[in-house]
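Engineer: One structure, pasted below without further comment.
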Amino acid sequence: MGRFPYKEGMTIRSRFLILMAVVGTLAVALIGAGCGDDGAGSSEEAGAMLEKAFAEQVDSGNLQLDLKADIDGLTSFSGPLSLNLSGPFKSNGPREIPVLDWDITAEGAGQTFDIGLTVTEDNAFVEYAGDSYEVGTALFSQFKEQYTAQQPEEQPTLRSFGLDPATWLEDPTVEDGDEIGGDATQAVTGSVDVEKVVRDLYSLTKSAAFRQQLESQGQTLPEVPEPSDEEIQKIVDAVEELKLEVNVDENDIARRLAVEADFTVPEGTGDGQIKGGSLSFGYTLEEVGIDPQIEGPADAKPLSELTQQFAPLLGLGGGLPQPTP
């Protein structure tokens, strides 16, 4: 992720693209923040199930996350863009870096990029092209101190970001869902109120809690002007289909969440510009409540050796900052 460009006099089309970028940023932030909430109950079975699911904090598990975008009109990209992540994690608390061992694959423009990311209690490692590289305990300790200082006292929640996904479905229904990790689930589905989702996501850009969460991860978000009702309606009309499904187990944990959207960019666009496409995001918790034993490789090289390989491509001087004596 990076900085989102913004200029005065932004068009409906560019605002729509910022909205799509916010969706992707939110997805990543929420995995790190957790989905805990203190939402009130609902009189409807499906609504109540969603309330409970989004209120349940998951401290550890085996995660599978998939993010995919298939964009029409960008001649510089051939085929869909995708990000896949899988592996165990365990939280050390709301202000601490979790331990994890994840395999990450990114695909796009005919290229594939595979890395492994391991975080232990006192170090972090990256695996690339068959070799392992370590951040180093001294530098990692400094990073942990900075990270902890930037985190809020309490775990961020969807409600603290100003979002309430339990209200996004109109007339939600409950039916038997798939088994996930050997556990039975119930699937909550329904017609999505697109206007409410769009308004909530624009409200998200004003959320101090969300901005703080992004800043703690080195990200920034531009000031987005309050859209008019006409602008909101154009964006709503652009979303041709939006699907949301949540699989909830008997312990009220959302074991799977899937979002799919098809869209057409408002206003006409020229050659080489985005005209529409599809976006999908989903995660599955194959296991929950686990105690993964995560250790780093014994033969890891300094991470500076890896960054030096990419420095010429990125126009960088190479190397990592050194720990303060």
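Engineer: List, in order, the whole-Hz ³J(HN,Hα) value for each residue of the range 135-150 obtained from phi through the Karplus relation with A = 6.51, B = -1.76, C = 1.60 and θ = phi - 60°; use x for Gly and Pro.
Structural biologist: 5, x, 5, 5, 5, 5, 4, 5, 4, 4, 4, 5, 4, 4, 5, 8
Engineer: Taking amide H positions as placed 1.01 Å from N in the peptide plane, with prolines and chain starts having none, which residues 5 or more places from residue 287, or on another chain, fall under 5 Å of its amide H?
Structural biologist: Placed amide hydrogens put 62 under 5 Å from residue 287.
Engineer: FRET efficiency for residue 262 and residue 179, Cβ-Cβ distance as r, R0 = 25 Å, nearest 0.05? Don't skip to the end; give the middle numbers.
Structural biologist: Numbers: r = 29 Å, r/R0 = 1.15.
Once rounded, the FRET efficiency stands at 0.30.
Engineer: Could you calculate the contour length gain from residue 111 to residue 68, that is, 0.36 nm times the residue separation minus the distance between their Cα atoms, to one decimal place in nm? Spell out each step's value before the answer.
Structural biologist: Working: separation 43, 0.36 × 43 = 15.48 nm, distance 1.46 nm.
Residue separation times 0.36 nm, minus the Cα-Cα distance, leaves 14.0 nm.
Engineer: Which pairs, out of 90/144; 144/301; 144/243; 52/275; 52/243; 52/144, put more than 27 Å between their alpha-carbon atoms?
Structural biologist: Details: 90/144 16 Å; 144/301 21 Å; 144/243 38 Å; 52/275 38 Å; 52/243 20 Å; 52/144 32 Å.
Too far apart for the 27 Å limit: 144/243; 52/275; 52/144.
The numbers here are math on the coordinates, done by the rules we state, and not lab data. A quick note: this is a predicted structure, and the numbers were derived from the prediction, not measured. Here Cβ is always computed from backbone atoms with ideal geometry, including for glycine, and neighbour counts include all displayed protein chains.
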